[in-house]
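Please read the structure below before turning to the comments.
The values are calculated or read from the model by the stated rules, or taken from the named source; none is laboratory data. What you see is a predicted model, and the numbers here were worked out from it, not measured in a lab. With ideal geometry, Cβ positions are generated from the backbone for all residues, glycine too; neighbour counts draw on all protein chains shown. Side chains included, ligands, DNA and RNA excluded: accessible areas come from the protein's heavy atoms. Shrake-Rupley method; radii C 1.70, N 1.55, O 1.52, S 1.80 Å.
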Amino acid sequence: MTPEEVGERMIALLTAAEPETPDEGEITAGVSGGGPGHERAVVDVPAARWWVALEAARDPGALGCDFFDWLSAVDELDEGFMIVAHLWSSRRRHGVLLRARLDRENPVVESVVDLFPGAAWHERETHEMFGIGFARHPDLRPLLLPPGFEGNPLRKEFVLASRVAKAWPGAKEPGESEAGTAKRAPMRPPGVPDPNEWGPMKGKVPPPATPARPARAPRERPAPPAAAPGTDGEGA
């Protein structure tokens, strides 16, 4: 099946099983980029239909996507979070990207561990890194971060405090040295606050020094060329 056919089939399966309701939102399908042989059907479903959508994609009598590839999320700030899962059919050789948008204030979606046991690790990581809840997950304990860690590192508002407390080893600009010219103010990557506004040096960091420009010596205008001997400087 082509990506377009996979998307159309997913919409037909979901709308036939349970028609859309205005409160849940619509189901749409598109095709990802990637070039010939790498495109995927991309199906957006309401968060309330997340588990149903993955069950429909797995159904051997429909798409037969029996292989769970991966699951993660994207922080879209004011628009909430986008949870994404990729499934693959090992027999029919086609895949589908399923997506659902979650509310930022209460990002919760139903776990699919009962459909794909391999999703347990992915849901634990996504819960830990983004703070997204997975209802009915049997064990959402921390997976990667140390005990007692506070916050969700992959949320865009998460502050990279270590970059404020300790200077980055590669802070030098190319061509600069300890005895060279004054360094330009370093650019801060996303998530790194101004150390003068947040952290232990708040209000104590002086503004970056502006390199002084050396005074230019006045340029002397060259003297006009002298006239040749025996002439008065006028043309013949």
Between the DSSP loop rule and a limit of at most 14 other Cβ atoms within 10 Å, which trypsin sites (Lys or Arg not before Pro) in the range 1-91 are left?
-> 91
One checks the Cα atoms of the range 51-130 and finds Rg and Dmax, in Å, of 12.9, 40
On the protein heavy atoms, probe 1.4 angstrom, tell me the percent of accessible surface of the range 1-156 carried by carbon and sulfur.
-> 53
Gyration tensor (alpha-carbon) shape descriptor, the range 1-105, a/c threshold 1.5 = oblate
Quick one: grab the alpha carbon gyration tensor of the range 35-97, order the square roots of its eigenvalues as a ≥ b ≥ c, and give me rounded if a/c is under 1.5, else prolate or oblate depending on whether a/b is larger than b/c.
-> oblate
Quick note, the range 81-123: a/c under 1.5 would make it rounded; otherwise a/b > b/c is prolate and the rest oblate (a ≥ b ≥ c, C-alpha gyration tensor); here it is oblate
